[in-house]
Amino acid sequence: MTTTASAQLATLTEALQAFERGDHTAATLSTLARQQTALLAALPPRYGKVLLNLLDRLESSALFSEESCSFSQKDLVANLQMWVEKARGVLGQR
């Protein structure tokens, strides 16, 4: 794994944690995640597609004041955490 991809994965992990604490908005998290180009380039293409899909859904969920069956932020955050763990595994960062 490249140092840059590793650093970007750490940045994304920290941003996700900040979102969970309420320190970041969905838009902030999404923007930051989309900027991690070295990380996305180091992963198989399907990882980028999945991440972008999750981010789009997370941004859409921010439009609702309560949990919606289609836009559960808790579920989306759990899926983003799973994405981070799988990306860490692919990059060999155990």
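The values are calculated or read from the model by the stated rules, or taken from the named source; none is laboratory data. These numbers were taken from a predicted model, which means no experiment stands behind them. Here Cβ is always computed from backbone atoms with ideal geometry, including for glycine, and neighbour counts include all displayed protein chains. To get the accessible areas, we keep the full protein, side chains included, count just its heavy atoms, and leave off ligands, DNA and RNA. Shrake-Rupley method; radii C 1.70, N 1.55, O 1.52, S 1.80 Å.
Odds and ends about this structure:
- Extension gain for Leu52-Thr3 works out to 15.4 nm (0.36 nm per residue, less the C-alpha to C-alpha distance).
- Stretched out straight at 0.36 nm per residue, the stretch from Ala18 to Arg88 would grow longer than its current Cα-Cα span by 23.3 nm.
- For the chain, the carbon plus sulfur part of the accessible surface works out to 52%, probe radius 1.4 Å.
- Cα gyration tensor, segment 1-42 - rounded (a/c under 1.5), prolate or oblate: oblate
- Net dipole in debye of the chain [+1 Lys, Arg Cβ; -1 Asp, Glu Cβ; about Cα centre; nearest 20]: 440
- Folded to 0 to 90 degrees: helix 3-21 orientation relative to the chain principal axis, Cα: 20
- Remark: the Thr37-Ser72 segment gains 9.9 nm on full extension, using 0.36 nm per residue and subtracting the alpha carbon distance.
- With DNA, RNA and ligands ignored, accessible area of Asp75 (1.4 Å probe; Å², nearest 10): 100
- On Cα atoms only, tilt of 73-90 relative to the major axis of the chain in degrees: 10
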